[in-house]
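The values are calculated or read from the model by the stated rules, or taken from the named source; none is laboratory data. A quick note: this is a predicted structure, and the numbers were derived from the prediction, not measured. Note that we place each Cβ from the backbone using ideal geometry, even for glycine, and neighbour counts take in every protein chain shown. Note: accessible area is taken over every heavy atom of the protein model, side chains too, but ligands, DNA and RNA are not part of it. Shrake-Rupley method; radii C 1.70, N 1.55, O 1.52, S 1.80 Å.
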Amino acid sequence: MNTTTAHTPHEVGTAEIQEVISRQRAFFRTGTTLPAAFRRKSLKALKKALEENEQAFYDAIYADFKKPAVEMYAHEMGIVFGEIDLMLKNLDEWMQPKRVNASLLNFPSTDYIYSEPYGVNLIIAPWNYPMQLTFSPLVGAIGTGNTAVIKPSELTPHTSALTQKIVNEIFDPGHVQVIQGGVSTSTALLAEKWDHIFFTGSVPVGRIVMQAAAKHLTPVTLELGGKSPCIVDEKVDLDLAAKRIVWGKFINAGQTCVAPDYVLAHAKIKDELIEKMGKWVQTFYGENIQESPDYPRIVNERHFDRVSKYLADGVVAVGGKTDKEDRYIEPTILDNVSWDDGVMKDEIFGPILPILTFIDIDEAIHAINDRPKPLALYFFGNRSRIQDRVLRETSSGGACINEVVAHLANHNLPFGGVGNSGIGTYHGKYSFQAFSHQKSVSKKGTWLDVPLRYPPYKGKLGWIKKAFKVG
Ligand code: NAD
(Lines give C-alpha, C1' and ligand atoms only; values in the text may rest on other atoms or scores of the structure.)
Protein backbone atom coordinates (compact mmCIF):
# COMPACT_ATOMS: atom_id res chain seq x y z
CA MET A 1 0.00 0.00 0.00
CA ASN A 2 1.30 3.42 -0.93
CA THR A 3 -0.63 6.01 1.05
CA THR A 4 0.19 9.68 1.25
CA THR A 5 1.37 10.46 4.78
CA ALA A 6 -1.52 11.94 6.69
CA HIS A 7 -0.89 14.36 9.53
CA THR A 8 -3.56 16.02 11.58
CA PRO A 9 -3.67 19.27 9.63
CA HIS A 10 -2.76 22.44 11.50
CA GLU A 11 -5.55 24.97 11.65
CA VAL A 12 -5.06 27.86 9.25
CA GLY A 13 -5.54 31.40 10.51
CA THR A 14 -7.04 34.59 9.10
CA ALA A 15 -3.81 36.20 7.86
CA GLU A 16 -2.85 33.19 5.73
CA ILE A 17 -6.40 32.85 4.39
CA GLN A 18 -6.55 36.51 3.41
CA GLU A 19 -3.27 36.12 1.54
CA VAL A 20 -4.66 33.12 -0.38
CA ILE A 21 -7.82 35.03 -1.30
CA SER A 22 -5.89 38.15 -2.40
CA ARG A 23 -3.69 35.99 -4.60
CA GLN A 24 -6.71 34.34 -6.22
CA ARG A 25 -8.52 37.65 -6.66
CA ALA A 26 -5.51 39.14 -8.38
CA PHE A 27 -5.15 36.03 -10.58
CA PHE A 28 -8.83 36.12 -11.54
CA ARG A 29 -8.58 39.80 -12.47
CA THR A 30 -5.79 39.08 -14.95
CA GLY A 31 -8.44 37.25 -17.01
CA THR A 32 -6.20 34.15 -17.26
CA THR A 33 -8.98 31.76 -16.21
CA LEU A 34 -11.47 32.96 -18.81
CA PRO A 35 -10.38 31.62 -22.25
CA ALA A 36 -11.64 28.18 -23.26
CA ALA A 37 -8.06 27.05 -23.94
CA PHE A 38 -7.02 27.69 -20.33
CA ARG A 39 -10.09 25.92 -18.92
CA ARG A 40 -9.50 22.98 -21.21
CA LYS A 41 -5.84 22.74 -20.26
CA SER A 42 -6.72 22.82 -16.56
CA LEU A 43 -9.42 20.13 -16.88
CA LYS A 44 -7.10 17.86 -18.87
CA ALA A 45 -4.28 18.33 -16.34
CA LEU A 46 -6.69 17.45 -13.56
CA LYS A 47 -7.88 14.31 -15.32
CA LYS A 48 -4.33 13.17 -16.02
CA ALA A 49 -3.26 13.70 -12.41
CA LEU A 50 -6.30 11.83 -11.09
CA GLU A 51 -5.66 8.94 -13.50
CA GLU A 52 -2.04 8.76 -12.40
CA ASN A 53 -3.16 8.71 -8.77
CA GLU A 54 -5.96 6.15 -9.11
CA GLN A 55 -4.19 3.58 -6.92
CA ALA A 56 -3.15 6.27 -4.43
CA PHE A 57 -6.81 7.22 -4.03
CA TYR A 58 -7.85 3.59 -3.46
CA ASP A 59 -5.18 3.34 -0.78
CA ALA A 60 -5.94 6.67 0.86
CA ILE A 61 -9.68 6.10 1.15
CA TYR A 62 -9.13 2.54 2.32
CA ALA A 63 -6.78 3.87 5.00
CA ASP A 64 -9.43 6.38 6.05
CA PHE A 65 -12.42 4.05 6.42
CA LYS A 66 -11.86 0.85 4.43
CA LYS A 67 -13.90 1.84 1.41
CA PRO A 68 -13.50 -0.89 -1.25
CA ALA A 69 -11.84 0.04 -4.56
CA VAL A 70 -14.93 -0.83 -6.64
CA GLU A 71 -17.11 1.56 -4.62
CA MET A 72 -14.39 4.21 -4.78
CA TYR A 73 -14.28 4.03 -8.59
CA ALA A 74 -18.02 3.56 -9.19
CA HIS A 75 -19.22 6.22 -6.76
CA GLU A 76 -16.37 8.69 -6.82
CA MET A 77 -13.61 8.67 -9.43
CA GLY A 78 -15.79 7.44 -12.32
CA ILE A 79 -18.29 10.21 -11.63
CA VAL A 80 -15.53 12.84 -11.59
CA PHE A 81 -14.12 11.57 -14.89
CA GLY A 82 -17.62 11.73 -16.38
CA GLU A 83 -17.96 15.33 -15.19
CA ILE A 84 -14.60 16.29 -16.72
CA ASP A 85 -15.38 14.60 -20.06
CA LEU A 86 -18.81 16.21 -20.28
CA MET A 87 -17.39 19.63 -19.45
CA LEU A 88 -14.65 19.24 -22.10
CA LYS A 89 -17.17 18.11 -24.69
CA ASN A 90 -19.64 20.92 -24.09
CA LEU A 91 -17.40 23.73 -22.93
CA ASP A 92 -17.53 25.78 -26.13
CA GLU A 93 -21.29 25.57 -26.34
CA TRP A 94 -21.92 26.29 -22.65
CA MET A 95 -19.52 29.28 -22.71
CA GLN A 96 -21.21 30.96 -25.66
CA PRO A 97 -23.54 33.86 -24.93
CA LYS A 98 -27.07 32.53 -25.58
CA ARG A 99 -29.14 34.69 -27.90
CA VAL A 100 -32.77 35.13 -26.77
CA ASN A 101 -35.72 36.77 -28.48
CA ALA A 102 -35.60 40.54 -28.08
CA SER A 103 -38.48 42.55 -26.66
CA LEU A 104 -40.31 44.87 -29.03
CA LEU A 105 -40.17 47.51 -26.30
CA ASN A 106 -36.39 47.64 -26.75
CA PHE A 107 -36.44 47.68 -30.54
CA PRO A 108 -33.87 47.67 -32.11
CA SER A 109 -31.82 45.35 -29.89
CA THR A 110 -30.28 41.89 -29.80
CA ASP A 111 -30.45 40.23 -26.38
CA TYR A 112 -28.18 37.62 -24.80
CA ILE A 113 -27.48 35.66 -21.65
CA TYR A 114 -23.79 35.68 -20.72
CA SER A 115 -22.43 33.05 -18.33
CA GLU A 116 -20.15 35.08 -16.12
CA PRO A 117 -17.89 33.16 -13.67
CA TYR A 118 -18.41 34.28 -10.10
CA GLY A 119 -14.69 34.75 -9.42
CA VAL A 120 -13.14 33.41 -6.22
CA ASN A 121 -14.99 30.35 -4.90
CA LEU A 122 -14.82 28.51 -1.62
CA ILE A 123 -15.55 24.76 -1.83
CA ILE A 124 -16.08 23.01 1.51
CA ALA A 125 -16.33 19.21 1.29
CA PRO A 126 -17.52 16.45 3.63
CA TRP A 127 -15.71 13.20 4.36
CA ASN A 128 -18.10 10.51 3.12
CA TYR A 129 -17.29 10.62 -0.63
CA PRO A 130 -14.11 12.62 -0.12
CA MET A 131 -12.77 12.33 -3.66
CA GLN A 132 -15.98 12.89 -5.61
CA LEU A 133 -17.26 15.72 -3.44
CA THR A 134 -14.11 17.81 -3.74
CA PHE A 135 -13.32 17.20 -7.40
CA SER A 136 -16.83 17.26 -8.95
CA PRO A 137 -17.46 20.81 -7.69
CA LEU A 138 -13.92 21.74 -8.75
CA VAL A 139 -14.70 20.65 -12.33
CA GLY A 140 -17.66 23.05 -12.27
CA ALA A 141 -15.56 25.86 -10.82
CA ILE A 142 -12.62 25.72 -13.24
CA GLY A 143 -14.71 24.72 -16.27
CA THR A 144 -16.71 27.88 -15.71
CA GLY A 145 -13.55 30.04 -15.52
CA ASN A 146 -13.28 30.58 -11.77
CA THR A 147 -10.61 30.24 -9.14
CA ALA A 148 -11.24 28.00 -6.11
CA VAL A 149 -10.08 27.34 -2.60
CA ILE A 150 -10.94 23.82 -1.44
CA LYS A 151 -11.36 22.85 2.21
CA PRO A 152 -11.56 19.04 2.35
CA SER A 153 -12.71 17.20 5.47
CA GLU A 154 -10.43 16.71 8.43
CA LEU A 155 -12.07 13.31 9.07
CA THR A 156 -10.43 11.65 6.03
CA PRO A 157 -6.80 12.79 6.56
CA HIS A 158 -5.22 10.43 3.99
CA THR A 159 -7.56 11.45 1.17
CA SER A 160 -7.38 15.13 2.09
CA ALA A 161 -3.55 15.03 2.12
CA LEU A 162 -3.54 13.34 -1.30
CA THR A 163 -6.01 15.91 -2.64
CA GLN A 164 -3.77 18.73 -1.45
CA LYS A 165 -0.65 17.13 -2.93
CA ILE A 166 -2.27 16.68 -6.36
CA VAL A 167 -3.79 20.15 -6.48
CA ASN A 168 -0.51 21.77 -5.41
CA GLU A 169 1.34 19.92 -8.13
CA ILE A 170 -0.89 20.86 -11.04
CA PHE A 171 -2.42 24.24 -10.27
CA ASP A 172 -1.07 27.72 -9.74
CA PRO A 173 -2.20 28.63 -6.18
CA GLY A 174 -3.77 31.75 -7.66
CA HIS A 175 -6.06 29.40 -9.56
CA VAL A 176 -6.77 26.49 -7.19
CA GLN A 177 -5.48 25.85 -3.71
CA VAL A 178 -6.33 23.35 -0.98
CA ILE A 179 -6.45 24.54 2.61
CA GLN A 180 -6.65 21.67 5.07
CA GLY A 181 -8.10 22.06 8.53
CA GLY A 182 -11.08 21.45 10.77
CA VAL A 183 -13.87 23.58 12.19
CA SER A 184 -11.61 26.45 13.22
CA THR A 185 -10.12 26.75 9.71
CA SER A 186 -13.56 26.41 8.16
CA THR A 187 -14.88 29.16 10.44
CA ALA A 188 -11.97 31.44 9.52
CA LEU A 189 -12.56 30.76 5.81
CA LEU A 190 -16.27 31.52 6.14
CA ALA A 191 -15.55 34.86 7.83
CA GLU A 192 -13.99 36.16 4.59
CA LYS A 193 -15.75 37.56 1.55
CA TRP A 194 -16.05 35.08 -1.34
CA ASP A 195 -17.79 35.43 -4.68
CA HIS A 196 -19.56 32.08 -4.19
CA ILE A 197 -19.53 29.34 -1.57
CA PHE A 198 -20.19 25.73 -2.57
CA PHE A 199 -20.79 23.69 0.58
CA THR A 200 -21.51 19.96 0.87
CA GLY A 201 -22.27 18.67 4.35
CA SER A 202 -24.80 18.46 7.13
CA VAL A 203 -27.92 20.56 7.60
CA PRO A 204 -26.72 22.25 10.85
CA VAL A 205 -23.39 23.28 9.30
CA GLY A 206 -25.27 24.37 6.15
CA ARG A 207 -27.09 26.88 8.36
CA ILE A 208 -23.76 28.17 9.70
CA VAL A 209 -22.46 28.55 6.14
CA MET A 210 -25.54 30.45 5.01
CA GLN A 211 -25.36 32.79 7.99
CA ALA A 212 -21.71 33.55 7.28
CA ALA A 213 -22.49 34.11 3.59
CA ALA A 214 -25.38 36.44 4.43
CA LYS A 215 -22.96 38.88 6.05
CA HIS A 216 -21.32 39.51 2.66
CA LEU A 217 -24.41 38.68 0.54
CA THR A 218 -22.39 35.86 -1.01
CA PRO A 219 -24.34 33.43 -3.22
CA VAL A 220 -24.31 29.88 -1.90
CA THR A 221 -24.84 26.39 -3.22
CA LEU A 222 -25.74 24.14 -0.30
CA GLU A 223 -25.66 20.38 -0.86
CA LEU A 224 -27.06 19.05 2.40
CA GLY A 225 -28.58 15.87 3.77
CA GLY A 226 -31.57 14.79 5.81
CA LYS A 227 -33.80 11.77 6.16
CA SER A 228 -34.56 10.31 2.71
CA PRO A 229 -37.65 8.06 2.87
CA CYS A 230 -38.14 4.86 0.93
CA ILE A 231 -41.74 3.77 0.42
CA VAL A 232 -42.47 0.13 -0.45
CA ASP A 233 -46.00 -0.46 -1.68
CA GLU A 234 -47.83 -3.81 -1.45
CA LYS A 235 -47.94 -4.33 -5.24
CA VAL A 236 -44.25 -4.58 -5.94
CA ASP A 237 -41.45 -6.82 -7.10
CA LEU A 238 -40.52 -7.40 -3.47
CA ASP A 239 -37.30 -9.33 -3.95
CA LEU A 240 -35.87 -6.74 -6.33
CA ALA A 241 -36.98 -3.93 -4.02
CA ALA A 242 -35.25 -5.65 -1.08
CA LYS A 243 -32.06 -6.13 -3.12
CA ARG A 244 -31.86 -2.53 -4.33
CA ILE A 245 -32.68 -1.03 -0.93
CA VAL A 246 -30.04 -3.16 0.80
CA TRP A 247 -27.48 -2.11 -1.81
CA GLY A 248 -28.28 1.63 -1.55
CA LYS A 249 -28.47 1.62 2.24
CA PHE A 250 -25.30 -0.31 3.03
CA ILE A 251 -22.84 0.93 0.40
CA ASN A 252 -20.30 3.09 2.21
CA ALA A 253 -21.70 1.51 5.41
CA GLY A 254 -24.78 3.72 5.18
CA GLN A 255 -22.72 6.92 5.15
CA THR A 256 -24.29 8.23 1.95
CA CYS A 257 -26.25 11.48 1.66
CA VAL A 258 -28.86 9.89 -0.63
CA ALA A 259 -29.06 6.52 1.15
CA PRO A 260 -32.60 5.48 2.05
CA ASP A 261 -32.68 6.70 5.65
CA TYR A 262 -35.78 4.69 6.59
CA VAL A 263 -38.34 2.41 4.95
CA LEU A 264 -42.06 3.03 4.99
CA ALA A 265 -43.41 -0.41 4.12
CA HIS A 266 -46.98 -1.38 3.40
CA ALA A 267 -48.08 -3.33 6.49
CA LYS A 268 -49.01 -6.37 4.34
CA ILE A 269 -45.48 -6.91 3.02
CA LYS A 270 -43.32 -5.62 5.88
CA ASP A 271 -42.33 -9.01 7.36
CA GLU A 272 -41.53 -10.52 4.00
CA LEU A 273 -39.54 -7.43 3.01
CA ILE A 274 -37.41 -7.69 6.16
CA GLU A 275 -36.78 -11.39 5.52
CA LYS A 276 -35.74 -10.72 1.92
CA MET A 277 -33.52 -7.80 2.92
CA GLY A 278 -31.82 -10.05 5.47
CA LYS A 279 -31.17 -12.59 2.71
CA TRP A 280 -29.59 -9.92 0.46
CA VAL A 281 -27.38 -8.62 3.26
CA GLN A 282 -25.94 -12.14 3.56
CA THR A 283 -25.67 -12.60 -0.19
CA PHE A 284 -23.76 -9.32 -0.59
CA TYR A 285 -21.48 -9.48 2.44
CA GLY A 286 -21.37 -13.15 3.54
CA GLU A 287 -21.78 -14.81 6.94
CA ASN A 288 -18.99 -12.90 8.66
CA ILE A 289 -19.53 -9.36 7.48
CA GLN A 290 -16.70 -7.92 9.55
CA GLU A 291 -14.32 -9.98 7.41
CA SER A 292 -15.88 -8.88 4.13
CA PRO A 293 -13.51 -6.79 1.97
CA ASP A 294 -16.59 -5.04 0.57
CA TYR A 295 -17.92 -3.44 3.74
CA PRO A 296 -16.43 -0.15 5.04
CA ARG A 297 -16.12 1.21 8.59
CA ILE A 298 -17.68 4.12 10.42
CA VAL A 299 -15.43 7.12 9.86
CA ASN A 300 -14.53 7.85 13.50
CA GLU A 301 -15.36 7.03 17.10
CA ARG A 302 -17.72 9.99 17.57
CA HIS A 303 -19.87 8.81 14.66
CA PHE A 304 -19.58 5.18 15.84
CA ASP A 305 -21.03 6.18 19.25
CA ARG A 306 -23.72 8.36 17.65
CA VAL A 307 -24.92 5.65 15.24
CA SER A 308 -24.69 2.67 17.61
CA LYS A 309 -26.99 4.42 20.10
CA TYR A 310 -29.81 4.01 17.56
CA LEU A 311 -29.66 0.21 17.96
CA ALA A 312 -31.71 0.59 21.15
CA ASP A 313 -34.54 2.40 19.32
CA GLY A 314 -36.27 -0.71 17.97
CA VAL A 315 -36.14 -4.48 17.70
CA VAL A 316 -33.12 -5.71 15.77
CA ALA A 317 -34.50 -7.88 12.97
CA VAL A 318 -31.25 -8.26 11.00
CA GLY A 319 -27.66 -7.59 12.11
CA GLY A 320 -27.02 -5.53 15.22
CA LYS A 321 -23.38 -6.50 16.01
CA THR A 322 -20.81 -3.79 16.71
CA ASP A 323 -17.06 -3.62 17.43
CA LYS A 324 -15.91 -0.26 18.68
CA GLU A 325 -12.17 -0.99 18.30
CA ASP A 326 -12.76 -1.64 14.61
CA ARG A 327 -15.49 1.07 14.21
CA TYR A 328 -17.64 -1.72 12.78
CA ILE A 329 -21.43 -1.67 12.79
CA GLU A 330 -23.15 -4.58 11.08
CA PRO A 331 -25.79 -3.81 8.41
CA THR A 332 -28.85 -3.63 10.66
CA ILE A 333 -32.59 -3.58 10.09
CA LEU A 334 -34.69 -2.24 12.98
CA ASP A 335 -38.31 -3.30 13.35
CA ASN A 336 -40.97 -1.91 15.74
CA VAL A 337 -39.84 1.66 15.37
CA SER A 338 -42.13 4.65 15.88
CA TRP A 339 -41.89 8.24 14.60
CA ASP A 340 -41.06 9.37 18.16
CA ASP A 341 -37.92 7.23 18.50
CA GLY A 342 -34.49 8.89 18.41
CA VAL A 343 -33.57 7.04 15.22
CA MET A 344 -36.40 8.89 13.44
CA LYS A 345 -35.32 12.38 14.57
CA ASP A 346 -32.05 13.10 12.74
CA GLU A 347 -30.35 11.75 9.62
CA ILE A 348 -28.94 8.31 10.60
CA PHE A 349 -25.89 8.42 8.31
CA GLY A 350 -24.87 4.88 9.22
CA PRO A 351 -25.83 1.24 8.51
CA ILE A 352 -29.11 1.14 10.45
CA LEU A 353 -32.38 0.89 8.56
CA PRO A 354 -35.58 1.45 10.57
CA ILE A 355 -38.84 0.10 9.16
CA LEU A 356 -42.17 1.82 9.73
CA THR A 357 -45.47 0.80 8.19
CA PHE A 358 -48.47 2.35 6.45
CA ILE A 359 -51.79 0.97 5.24
CA ASP A 360 -53.07 3.76 3.01
CA ILE A 361 -50.64 5.63 0.73
CA ASP A 362 -52.14 8.91 2.01
CA GLU A 363 -50.67 8.08 5.39
CA ALA A 364 -47.19 7.73 3.90
CA ILE A 365 -47.52 10.93 1.87
CA HIS A 366 -48.72 12.92 4.89
CA ALA A 367 -45.95 11.55 7.10
CA ILE A 368 -43.36 12.71 4.55
CA ASN A 369 -44.98 16.11 4.07
CA ASP A 370 -45.09 16.69 7.85
CA ARG A 371 -41.29 16.55 7.93
CA PRO A 372 -38.44 18.61 6.38
CA LYS A 373 -38.08 18.17 2.62
CA PRO A 374 -35.66 15.27 2.00
CA LEU A 375 -32.70 15.15 -0.39
CA ALA A 376 -34.11 12.04 -2.08
CA LEU A 377 -37.33 10.07 -2.04
CA TYR A 378 -37.72 6.48 -3.23
CA PHE A 379 -40.86 4.62 -4.17
CA PHE A 380 -41.04 0.91 -4.93
CA GLY A 381 -44.32 -0.24 -6.44
CA ASN A 382 -45.89 -1.23 -9.75
CA ARG A 383 -49.02 0.91 -9.78
CA SER A 384 -48.30 3.96 -11.96
CA ARG A 385 -51.19 5.90 -10.43
CA ILE A 386 -49.54 5.66 -7.02
CA GLN A 387 -46.10 6.35 -8.44
CA ASP A 388 -47.47 9.59 -9.95
CA ARG A 389 -49.24 10.57 -6.74
CA VAL A 390 -46.08 10.16 -4.69
CA LEU A 391 -44.05 12.20 -7.19
CA ARG A 392 -46.66 14.96 -7.46
CA GLU A 393 -47.76 15.17 -3.84
CA THR A 394 -44.36 15.21 -2.12
CA SER A 395 -41.33 17.47 -2.47
CA SER A 396 -37.73 16.23 -2.45
CA GLY A 397 -34.39 17.15 -4.03
CA GLY A 398 -34.59 14.11 -6.33
CA ALA A 399 -36.55 10.88 -6.58
CA CYS A 400 -36.37 7.36 -8.00
CA ILE A 401 -39.12 4.91 -8.83
CA ASN A 402 -38.25 1.25 -8.17
CA GLU A 403 -34.66 2.28 -7.52
CA VAL A 404 -32.46 4.10 -5.04
CA VAL A 405 -29.50 6.50 -5.41
CA ALA A 406 -29.26 6.12 -9.22
CA HIS A 407 -30.52 9.60 -10.15
CA LEU A 408 -27.21 10.95 -8.82
CA ALA A 409 -25.23 9.11 -11.47
CA ASN A 410 -26.90 10.74 -14.49
CA HIS A 411 -24.95 13.87 -15.45
CA ASN A 412 -27.97 15.13 -17.39
CA LEU A 413 -30.01 15.46 -14.21
CA PRO A 414 -29.52 18.39 -11.84
CA PHE A 415 -28.42 17.12 -8.43
CA GLY A 416 -29.35 18.98 -5.26
CA GLY A 417 -31.80 19.41 -2.43
CA VAL A 418 -34.83 21.54 -1.76
CA GLY A 419 -35.69 23.43 1.42
CA ASN A 420 -33.92 21.76 4.31
CA SER A 421 -31.91 19.45 2.05
CA GLY A 422 -30.19 22.21 0.11
CA ILE A 423 -30.13 25.17 -2.23
CA GLY A 424 -29.01 24.96 -5.85
CA THR A 425 -28.02 22.04 -8.06
CA TYR A 426 -24.94 20.81 -9.92
CA HIS A 427 -23.55 18.04 -12.21
CA GLY A 428 -23.10 18.41 -15.96
CA LYS A 429 -24.39 21.71 -17.33
CA TYR A 430 -25.98 22.44 -13.95
CA SER A 431 -22.44 22.73 -12.52
CA PHE A 432 -21.78 25.34 -15.16
CA GLN A 433 -24.82 27.25 -13.96
CA ALA A 434 -23.97 26.74 -10.27
CA PHE A 435 -20.59 28.46 -10.70
CA SER A 436 -21.67 31.32 -12.94
CA HIS A 437 -23.95 34.30 -12.87
CA GLN A 438 -26.38 34.41 -15.79
CA LYS A 439 -25.98 38.01 -16.93
CA SER A 440 -28.69 39.53 -19.10
CA VAL A 441 -27.32 41.74 -21.85
CA SER A 442 -29.23 43.94 -24.26
CA LYS A 443 -27.23 45.28 -27.22
CA LYS A 444 -29.07 48.27 -28.60
CA GLY A 445 -28.90 49.59 -32.14
CA THR A 446 -28.13 53.26 -32.65
CA TRP A 447 -29.71 53.65 -36.08
CA LEU A 448 -33.20 54.22 -34.59
CA ASP A 449 -34.36 55.81 -31.32
CA VAL A 450 -38.09 55.23 -30.82
CA PRO A 451 -39.38 58.38 -29.05
CA LEU A 452 -42.26 56.62 -27.21
CA ARG A 453 -40.59 56.32 -23.75
CA TYR A 454 -39.31 59.89 -23.55
CA PRO A 455 -41.26 62.78 -21.98
CA PRO A 456 -43.37 64.63 -22.79
CA TYR A 457 -45.81 61.71 -22.55
CA LYS A 458 -48.87 63.42 -23.95
CA GLY A 459 -50.72 61.13 -26.38
CA LYS A 460 -48.32 58.18 -25.81
CA LEU A 461 -50.16 55.96 -23.28
CA GLY A 462 -52.26 54.15 -25.88
CA TRP A 463 -49.16 53.35 -27.99
CA ILE A 464 -47.26 52.17 -24.95
CA LYS A 465 -50.10 49.79 -23.99
CA LYS A 466 -50.04 48.39 -27.51
CA ALA A 467 -46.27 47.85 -27.36
CA PHE A 468 -46.62 45.91 -24.08
CA LYS A 469 -49.33 43.71 -25.59
CA VAL A 470 -47.16 42.77 -28.52
CA GLY A 471 -44.11 42.20 -26.26
P1 NAD B 1 -20.28 18.28 8.22
O2 NAD B 1 -21.33 19.31 7.97
O3 NAD B 1 -19.98 17.93 9.62
O4 NAD B 1 -18.87 18.79 7.62
C5 NAD B 1 -18.74 19.24 6.29
C6 NAD B 1 -17.59 20.24 6.20
O7 NAD B 1 -17.88 21.36 7.04
C8 NAD B 1 -16.24 19.69 6.67
O9 NAD B 1 -15.24 20.13 5.78
C10 NAD B 1 -16.07 20.28 8.04
O11 NAD B 1 -14.72 20.54 8.37
C12 NAD B 1 -16.84 21.59 7.96
N13 NAD B 1 -17.44 21.95 9.25
C14 NAD B 1 -17.91 21.10 10.21
N15 NAD B 1 -18.41 21.79 11.25
C16 NAD B 1 -18.29 23.10 10.93
C17 NAD B 1 -18.63 24.32 11.60
N18 NAD B 1 -19.19 24.30 12.81
N19 NAD B 1 -18.37 25.48 10.99
C20 NAD B 1 -17.79 25.50 9.77
N21 NAD B 1 -17.43 24.39 9.08
C22 NAD B 1 -17.67 23.21 9.66
O23 NAD B 1 -20.64 17.02 7.35
P24 NAD B 1 -19.91 15.62 7.23
O25 NAD B 1 -20.06 14.86 8.50
O26 NAD B 1 -18.53 15.80 6.70
O27 NAD B 1 -20.78 14.93 6.07
C28 NAD B 1 -21.99 14.31 6.33
C29 NAD B 1 -23.18 15.18 5.98
O30 NAD B 1 -23.05 15.69 4.67
C31 NAD B 1 -24.48 14.40 5.99
O32 NAD B 1 -25.50 15.20 6.52
C33 NAD B 1 -24.74 14.14 4.51
O34 NAD B 1 -26.09 13.90 4.19
C35 NAD B 1 -24.22 15.40 3.90
N36 NAD B 1 -23.84 15.18 2.52
C37 NAD B 1 -24.55 15.75 1.53
C38 NAD B 1 -24.24 15.50 0.21
C39 NAD B 1 -24.99 16.10 -0.93
O40 NAD B 1 -24.50 16.02 -2.05
N41 NAD B 1 -26.15 16.69 -0.73
C42 NAD B 1 -23.17 14.65 -0.08
C43 NAD B 1 -22.45 14.09 0.95
C44 NAD B 1 -22.78 14.35 2.25
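Data table
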read-out	value
Filter on 67/279; 89/165; 67/227; 47/151; 48/151 - keep pairs with C-alpha separation over 25 Å	89/165
The chain: calculated mean residue ellipticity at 222 nm from DSSP helix runs of at least 4, using -39500 (n - 2.57)	-12500 deg cm²/dmol
Bins of 10 Å from zero: percent of alpha-carbon pairs in segment 229-416	10, 39, 37, 13, 1
Degrees separating the helix 461-470 axis from the principal Cα axis of the chain, which is the longest one	40
Per-residue ³J(HN,Hα) for segment 16-25, Karplus 6.51 cos²θ - 1.76 cosθ + 1.60, θ = phi - 60°, Hz, x for Gly and Pro	5, 5, 5, 5, 4, 5, 4, 5, 5, 5
Whole-Å distance, taken between Cα centres, linking segment 119-192 and segment 21-63	10
Mean Cβ neighbour count within 10 Å, used as a protection proxy, ranking 272-283, 135-146 highest first	135-146, 272-283
Point-to-point label distance, residue 45-residue 369, nm (Cα→Cβ direction, 7 Å offset)	5.3
Surrounding net charge for residue 19, when Lys and Arg each add one and Asp and Glu each subtract one, Cβ distance under 15 Å	0
Cβ-defined net charge surrounding residue 289, 10 Å radius [Lys, Arg +1; Asp, Glu -1]	-3
Where a label projected 7 Å from the Cα of residue 463 along Cα→Cβ would reach, residues of segment 97-121 with amide N under 16 Å	104-108
Cα centroid separation - segment 197-221 against segment 231-271, whole Å	32
Accessible carbon and sulfur surface of segment 229-416 relative to its total accessible area, %, 1.4 Å	46
Cα long-axis angle, helix 384-393 against the chain (0 to 90 degrees, to the nearest 10)	60
Separation of alpha-carbon centers, segment 93-117 and segment 398-453, rounded to whole Å	16
Sparse-neighbourhood loop sites, chymotrypsin sites (Phe, Trp or Tyr not before Pro) in segment 316-396 - DSSP loop, at most 16 other Cβ within 10 angstrom	339
Distance (nanometres) between label positions extended 7 Å along Cα→Cβ at residue 315 and residue 193	6.2
Local electrostatic count at residue 91 - Lys and Arg +1, Asp and Glu -1, tallied over other residues with Cβ under 14 Å	+3
Magnitude of the charge dipole, the chain, Cβ model with Lys/Arg +1 and Asp/Glu -1, debye to 20	2940
Lys/Arg +1, Asp/Glu -1 at C-beta; segment 229-416 dipole; positive extreme among 257, 411, 399	411
Anchor residue 324: aspartates and glutamates whose Cα lies under 14 Å away (excluding residues fewer than 8 positions away in-chain)	301, 305
Acute angle (nearest 10 degrees) that the helix 270-285 long axis makes with the longest principal axis of the chain, alpha-carbon atoms	90
